[in-house]
1. Say the cut-off is 18 Å between C-alpha atoms; which of Lys84/Lys132; Lys132/Lys163; Lys5/Lys144 go over it?
2. Filter the trypsin sites (Lys or Arg not before Pro) in the range 1-101 to those in DSSP coil with at most 12 other Cβ atoms within 10 Å of their Cβ, and list the result.
3. Suppose the chain between Asn200 and Gln9 were pulled fully straight at 0.36 nm per residue; how much longer would it get relative to their current alpha carbon spacing?
4. For Lys208, go through the lysines and keep the ones whose alpha-carbon is under 18 Å away, minus same-chain ones fewer than eight residues off.
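Read the figures in this text as sums done on the coordinates, not as results from a lab. The shown structure was predicted, so the numbers you read here are calculated from the model rather than taken from an experiment. Glycine also receives a Cβ, built like all others from the backbone with ideal geometry; neighbour counts cover every protein chain displayed.
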Amino acid sequence: MTLPKGMVQAIYHDTGISRYQGNPLIEALPPILDRHQLRDGLSGQIEFRPTDVYLDGQTRNHVISQLLDSFFQPLSRHIELESKLSIMLRQGYVGRNLATGQLNTHIQNGYERVMRGDLGVFRFEHVESTAKSLAFIGCSGSGKTSSLNRILATYPQLIYHEKYNFTQIVFLKIDCPHDGSLKSLCHNFFREIDAVLATNYVRRYAEKRHSVETLIALMAHIANMHAIGLLVIDEIQHLSVRHSGGAERMLNFFVTLVNEISVPVVMVGTPRLGLYLNWIYGLRAVAQVLAQSCGSP
């Protein structure tokens, strides 16, 4: 069988971790790399010819520019980031087991809710989310995106499980829209799924006048249909509190992404993202204190 570009056939490995045993979505992932293997996997390969030093100045500038594009020196922070993403990815699959029928139960539950139009509160019954979230903050041009791309490149994006006739999306990376709205962010999710799997979710869902809550419910169903392991949202500082309906709604959106969709989420942005998160979570803490004060005798 010839697989599409970017897709690999599932080959199952013994993880050596009891919590991961018997879960094809985890066992089909590449083995967990030690520090030496990871350093070799992240390092960029440079092709250098000694005769290049004799080229004229303008030509050497072009050669040097190519070297800068391919050179990458893994640092301790890259090793730490890869370790965090590796744990998030695998632990997020613990509650979604393809072999035991756990994932199929999620999918069927989501399908029934979509068909009934019961999209107000999208929660899988008797399921505890094992997903985690992470905020990756750095100044513009500091290498956040390139570092993430290097780490994600150590995984195949698509894995086909022939035994189960199932295609697993290991990671999905989307960009935050420039208009800063949560609805546009949801639309970008459907567009990226279509680009990866050649589906038509944009026409089916994004082109209709669904609310953000409904779009999140549909995202939850699609995320479980394709067993998305990691959702990366880049340039998230573009999110606008005004265009998203307020700080409280933004906070609820991110909480819902992790708790309801049960997919680990990595938010990537500039220090402006950190200010937003501190402000939003600060508002929630103030609201909780006020609520406790009003309720006390």
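1. Pairs exceeding the cut-off: Lys132/Lys163; Lys5/Lys144.
2. Passing both the DSSP loop test and the Cβ count: Lys5.
3. Value of the extension gain: 66.4 nm.
4. The reachable lysines, counting only those whose Cα sits under 18 Å from Lys208, are Lys183.
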